[in-house]
1. Amide H of Cys219 versus every other amide H placed in the peptide plane: which residues, excluding those fewer than 5 positions away on the same chain, fall under 5 Å?
2. So for segment 316-427: antiparallel DSSP bridges make up what percent, rounded to the nearest 5?
3. Antiparallel DSSP bridges in the chain: what percent, to the nearest 5?
4. Cα-based count: Lys pairs in segment 298-426 below 17 Å, eight or more positions apart or different chains?
5. Of all the Cα-Cα pairs you can form in segment 258-391, what percent are over 28 Å apart?
6. Taking 8 Å as the Cα distance limit and 6 or more residues as the minimum spacing, I'd like the relative contact order of the chain as a percentage.
7. Would you mind checking the radius of gyration and Dmax of the chain based on alpha-carbon positions, in Å?
8. Determine the dipole magnitude for segment 144-215: charges of +1 sit on the beta-carbon of Lys and Arg, -1 on that of Asp and Glu, nothing else is charged, the reference point is the Cα centre, and the result goes in debye to the nearest 20.
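Each reported figure results from applying straightforward, stated rules to the coordinates on display, with no laboratory input. For clarity, every value in this text was computed on a predicted model and none was experimentally measured. Neighbour counts are summed over all protein chains in view; Cβ atoms, including those assigned to glycine, are modelled from backbone coordinates with ideal geometry.
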Amino acid sequence: MTYKEAADYIFGIPKFTEKNDAQHTKTFLKLLGNPQDRLKVIHVAGTNGKGSVCAYLDGMLRSEGKRTGLFTSPHLVKVNERIVIDGDQIDDQGFCETFERALRAVREMEKAGLKHPTFFEFLFGMAMDAFARAGVEYAVLETGMGGRLDATNAVENPLVCVITSIGIDHTKYLGDTLEKIAGEKAGIIKPGVPVFYAESSPESDDVIEKTAAEKKSFCKKIGKDAYEILGIEDKHIAFSCFSAYYGNTTWKLNNTGTYQPQNAVLAMEVMRYLFGEKARLSRWRDTLRDLKWEGRMEEILPDVYVDGAHNVSAIEAFAKSVPADGKRNVILFSAVEDKDYEKMIALLCREVPADLYVVTHIDDRRGTSAEILGGIFRKYTGQPVITEASAKKALALALERQNGGRVYCLGSLYLTGMIKSMIQEVT
């Protein structure tokens, strides 16, 4: 089977459909030889920051000489991005090989009268199979959505559970309050398995603490007072930690998002638990300084940034990262229909000074029309708003109007992927 045939098959599986239960996924994994049992799994859930925390963990584990597997979603340009082994995306040949094994397992399930795995479940099975066959020691798994009912939660004995910041998102599936959403995220906590989490709000923090107590799991909160941002210089954000363990080290991230230090410290605390006095902090420091995580306040052209902010709390974090230096800002925005995009837009207009808004449509069945989004922008700003259905034309227009300022592209990770793909075509 060719790579194109494998990819076409996967993209033909419905993405947003009813999840199968945990037993269904466990059956899938069993037919693949239970690859998860050969891995030390670090399981990561949360609303925002999951991918960044996973990337930081993966990088620092490799700095410790460990073989790693990294499973994240969504991908931005190519589906191979979801399955990373020792820092490299799975190649097309490896992708085809693990696809064929996963497909054989699915055919056995169908013979037994079981449903086909969902899009995410199928890729999760592929990743676990690929990691085990590659001899990976540590597998860092990012949940797709929620946690309690997520396919990744079929892993029964993770090494550590991690929960990043929690905000309102996917309310149709996870609930409409912070408590309900936190309950779904906390569903990854297993009896006796340590859990590390990022301070978010009293409501969500309380749910996580209570769940950990019920499971008799060690629980550590990474508060916003655990670090201090020192400044931004040469496209890096610098911070220090209020812990004697890290000494007076100045840490730097290859990113200017003010929300990233908390993600980094959360990952560092997990590493501290795993390696303690054996840790090589200088290597962690070098890893974090050099590591790039695509789509999160990522500079793709001079003063042109893509940021995956796609919910209200992520927009709030983005807004805090935009320099208040009077420089011209152009915002390129789009969103999918199941997001609270009116609140996102209102917040963006209120908190981020912009000279121009360019609004476009995502090439996806869930994409909201540019005209609808543009109309909402005009409710909240007196600045010029241009609607352009074609994302390619919208990007060209935003770059044309940059005029020595900055362009920020945000609102959806789908938009981020489209923009990055367009840039790759012309560079």
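1. Val195
2. So the antiparallel bridges in segment 316-427 amount to around 5 percent.
3. 35
4. Step by step, the pairs that qualify in segment 298-426 add up to 4.
5. I get 30 percent for the Cα pairs in segment 258-391 exceeding 28 Å.
6. 15
7. Expressed in Å, the Cα Rg and Dmax of the chain come to 21.2, 64.
8. Dipole about the Cα centre, nearest 20: 260 debye.
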